[in-house]
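So the structure is just underneath, and the comments pick up after that.
All of the numbers you see were taken from the coordinates with simple rules; none came from a lab. Nothing here was measured: the structure is a model prediction, and the numbers come from that model. When we count neighbours, we look across all protein chains shown, and the Cβ atoms used for this are built from the backbone with ideal geometry, even at glycine.
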Amino acid sequence: MNGPLGFVLDLLFPPKCVFCGKVLDTGEDGLCARCQRELPWLTDGEAELTGEFFCLCAAPLRYQDKVRDSVRRYKFKGRRGYYKLYGRLVAQCIHDHLAGRYDLITWVPLSPQRKKERGYDQAFLLASAAALELGEVAVETLRKDRNTEAQSGLTEEAQRRANVLGAYSPVDPSLVEGKRVLIIDDVVTTGSTLSECARVLRTMGAEDVVCAALARAR
Ligand SMILES: [Zn+2]
């Protein structure tokens, strides 16, 4: 926020680095210079992952240490404001790896129950912020009909796939028919959640599916 109110709010609640918590210096925006230098950024080929129903998933960061702690605060400790910086980082990654490869931006939705518990849908916020940076709007294409066990608690790939199989359904197939869809999530691990969403998007008539996430585990 700018203007006098923004100035007062900054004095009362100085903006902090979303990764390490340091109070930001003038000119630092969302993350501190040290984190900018030292975070586990993924480069070129490392940033890209392929999956069964999507041809490419790009992510700017590795999901470890300060990145993991930050994402956990975002998802489980109510730090919803992190979506602004996260959105910028994901938008930059999309620009670098996925430019010209999609017609529509969407996200991996939460179940209504989880959204009620959390108070917000973190992937929706992230996708909306990234889309805005890119001059687009994120469109709701999928709905999650049932609560699934957290994927992070499942170690076997087969378990992870079975856990999300059939969990997502189309909102309105005409939205994606013949389109190339970019789907956004916060963290990608094996890609089984993204792959299941991509599978449903393809049954809805999507021509192609690519993915982006803030961080990649493994
Ligand atoms: Zn920092």
For this session: For a footprinting-style exposure proxy, rank THR106, THR26 by other Cβ within 10 Å, fewest first.
Result: THR26, THR106
Exercise. Within the set LYS66/LYS179; LYS75/LYS144; LYS16/LYS179, which residue pairs have Cα atoms separated by over 28 Å?
Worked result: LYS66/LYS179; LYS16/LYS179
For this session: Quote to one decimal, in nm, the extra length available between ALA162 and VAL23 on full extension: 0.36 nm per residue of separation minus the C-alpha distance between them.
Result: 45.7 nm
Exercise. What dipole magnitude, in Debye to the nearest 20, does the chain give about its Cα centre under +1 on Lys/Arg Cβ and -1 on Asp/Glu Cβ?
Worked result: 840
Problem set entry | Charge dipole (debye, nearest 20) of region 175-218; +1 at Cβ of Lys and Arg, -1 at Cβ of Asp and Glu | 120
Exercise. What number, rounded to the nearest 500 deg cm²/dmol, is the helix-based mean residue ellipticity at 222 nm of the chain, given -39500 (n - 2.57) per DSSP H run of at least four residues and division by all its residues?
Worked result: -11000 deg cm²/dmol
Exercise. Suppose every K and R has +1 on its Cβ and every D and E has -1 on its Cβ; what is the size of the dipole of region 39-133 about the Cα centre, in Debye to the nearest 20?
Worked result: 820
Exercise. How would you rank ASP69, ASP186, ASP172, going from fewest to most other Cβ atoms within 10 Å of each one's own Cβ?
Worked result: ASP172, ASP69, ASP186
Exercise. How much FRET efficiency would the formula 1/(1 + (r/R0)^6) give for GLU177 and ARG118, where r is the Cβ-Cβ distance and R0 is 30 Å, rounded to 0.05?
Worked result: 0.45
For this session: For the chain, set up a Gaussian network in which alpha carbons nearer than 10 Å are linked by springs, and say which option among THR189, THR155, THR50 fluctuates the most.
Result: THR155
For this session: Go ahead and set up a Gaussian network model of the chain, Cα springs under 10 Å, then flag whichever of ARG118, ARG62, ARG180 fluctuates most.
Result: ARG118
For this session: Using a Gaussian network model of the chain whose springs link C-alpha atoms within less than 10 Å, name the residue from SER174, SER128, SER192 with the highest mean-square fluctuation.
Result: SER174
For this session: Consider just the alpha-carbon atoms of the chain and return their Rg together with their Dmax, both in angstrom.
Result: 17.3, 55
Exercise. Antiparallel DSSP bridges in region 41-216: what percent, to the nearest 5?
Worked result: 25
Problem set entry | Farthest positive-ward along region 1-153 dipole, Cα basis, beta-carbon charges - from GLY30, PHE53, LEU42 | GLY30
Exercise. With each label point set 7 Å from Cα along the Cα-Cβ vector, what nm distance links PHE13 and ASP69?
Worked result: 2.1
Problem set entry | Pairwise centroid distance, computed over Cα atoms, of region 23-45 with region 143-218, Å | 29
Exercise. Which value in nm describes the separation of the simple spin-label points at GLN36 and ALA99, placed 7 Å from the Cα toward the beta carbon?
Worked result: 2.1
